[in-house]
C-alpha cells in the first residue's frame with residue numbers, strides 16, 4: 001500500500017470530520033443530530049450484516065469497549081458545544097487527544113516513532129492549543145474541563161481501535177462492526193430524552209443524513225489508515241481538520257475572529273508536513 005495514498009486518505013478523513021463538527025455545532029439540536037448520525041451508520045451497514053464475518057472473541061472485547069466510549073464521546077461533544085464555542089472546545093479536545101495518544105504510544109506501545117516524528121506531533125498540538133486560547137474571549141472553565149474529558153475519550157477509543165484493527169485477522173470486519181454498533185448508545189439515549197429526536201422541529205433531517213455519511217468516512221478511513229501508519233501519526237495528521245475548520249469558519253460560517261487562527265494553522269500544517277516526510 002502506497003503511504004502517499006494513505007496520507008491522502010487521512011486528509012480526506014480530516015475534511016469529513018471538520019465538516020461533521022461544523023454541522024453538529026451549528027444545528028439547533030446537537031443531540032438529535034448525533035442520533036441521526038448514529039441512525040445513518042446503522043442504516044448503511046445493517047443490510048450487509050450477513051455478508052461480513054463475525055470477529056473473533058478477543059476483537060469483540062475491543063468492539064464493545066469502543067462502542068461504550070463512542071457513546072460517552074458523542075454525548076460529551078454535544079455538551080461541550082453547549083458550554084463553549086467550537087473554536088475553543090474543538091482544538092483542546094483534538095490537541096489533547098493527540099498529546100495523550102503520543103505519550104501513551106511512546107511509553108507503553110511498541111512503535112517506530114523517532115525524534116522527528118515527536119517534533120511533528122508537538123507542532124500540531126501546539127498549534128491546536130494556540131487556536132483555542134487565541135479564540136477565547138475569556139477562559140471558560142466548564143468548557144475546558146468537558147473538552148479535556150472529550151480528549152481523554154478520543155485518545156482511549158482511538159488507541160483501542162488502532163490496536164484492534166492491527167490485531168484483527170480481517171481489518172474490514174472490525175471496521176464494519178465498530179461503525180455499525182458505535183452509535184447505538186447515543187441513538188438509544190436520544191430516543192428516550194425529551195431534547196432528542198422527539199423534539200421534531202429542532203433539527204434538519206437532511207443535515208443529519210449528511211453528518212452521518214461524513215462521520216462514517218471521517219472515522220472509518222482513519223481506523224483503516226492505522227494499519228499502515230503509527231497510530232500517533234494518524235491521529236495527529238488528522239488534526240489538519242482544524243485548519244479546514246478555520247477555512248469553513250472564515251468563508252462559510254463568516255466568523256470574524258477566524259483570522260486569529262491563521263498563524264496557528266500554519267504551525268499545524270508545518271507539523272503535518274514534518275510527519276508526511278517522516279512516513280514517506
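The values are calculated or read from the model by the stated rules, or taken from the named source; none is laboratory data. A quick note: this is a predicted structure, and the numbers were derived from the prediction, not measured. For neighbour counting, all protein chains shown are included, and Cβ atoms are generated from backbone atoms with ideal geometry for every residue, glycine included.
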| Some residue of the range 58-72 being modelled with pLDDT under 90 and surrounded by 23 or more Cβ atoms within 10 Å (Cβ to Cβ) | no
Being out of contact with any strand residue (DSSP E or B) (no Cβ under 9 Å at 6 or more places or on another chain), at pLDDT below 95 and either surrounded by fewer than 13 Cβ atoms within 10 Å (Cβ to Cβ) or within 15 Å of residue 206 (Cα to Cα) (or both) narrows 14, 32, 18 down to just 32
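Are any of the residues in the range 159-170 assigned to a helix (DSSP H, G or I) and at pLDDT below 85?
No, because not a single residue in the range 159-170 is assigned to a helix (DSSP H, G or I) and at pLDDT below 85.
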Out of (1) in contact with a helix residue (DSSP H, G or I) (Cβ under 8 Å, 6 or more places away or on another chain); (2) not in a helix (DSSP H, G or I), the one residue 137 does not meet is (1)
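Per-residue answers, yes or no, for (1) in contact with a helix residue (DSSP H, G or I) (Cβ under 6 Å, 6 or more places away or on another chain); (2) at pLDDT 90 or above; (3) in a helix (DSSP H, G or I); (4) buried (at least 20 other Cβ atoms within 10 Å of the Cβ):
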site	(1), (2), (3), (4)
186	yes, no, yes, yes
190	yes, no, yes, yes
215	yes, yes, yes, yes
219	no, yes, yes, yes
_On the basis of being touching a helix residue (DSSP H, G or I) at 6+ places or on another chain (Cβ under 8 Å) and closer than 20 Å to residue 150 by Cα, does residue 95 make the cut?_
yes
Only one of (1) in a helix (DSSP H, G or I); (2) in contact with a helix residue (DSSP H, G or I) (Cβ under 6 Å, 6 or more places away or on another chain); (3) more than 23 Å from residue 238 (Cα to Cα); (4) at pLDDT 90 or above does not apply to residue 53, and that is (1)
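Conditions tested, residue by residue: (1) at pLDDT below 80; (2) surrounded by fewer than 24 Cβ atoms within 10 Å (Cβ to Cβ); (3) touching a helix residue (DSSP H, G or I) at 6+ places or on another chain (Cβ under 9 Å); (4) more than 19 Å from residue 97 (Cα to Cα).
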site: 237; (1), (2), (3), (4): no, no, yes, no
site: 244; (1), (2), (3), (4): yes, yes, yes, no
site: 247; (1), (2), (3), (4): yes, yes, yes, yes
site: 255; (1), (2), (3), (4): yes, yes, yes, yes
site: 273; (1), (2), (3), (4): no, yes, yes, yes
Going through the range 112-129 in order, the residues found to be more than 14 Å from residue 239 (Cβ to Cβ) and either surrounded by fewer than 18 Cβ atoms within 10 Å (Cβ to Cβ) or free of Cβ contacts under 8 Å to residues at least 12 places away in the same chain (or both) are 112, 114, 115, 116, 118, 119
Conditions (1) over 19 Å from residue 173 (Cα atoms); (2) without any contact (Cβ under 8 Å) to a residue 24 or more places away in the chain; (3) in a helix (DSSP H, G or I) -> residue 47 fails only (1)
*Does at least one position in the range 120-132 carry a residue that is in a helix (DSSP H, G or I) and modelled with pLDDT under 90?*
yes
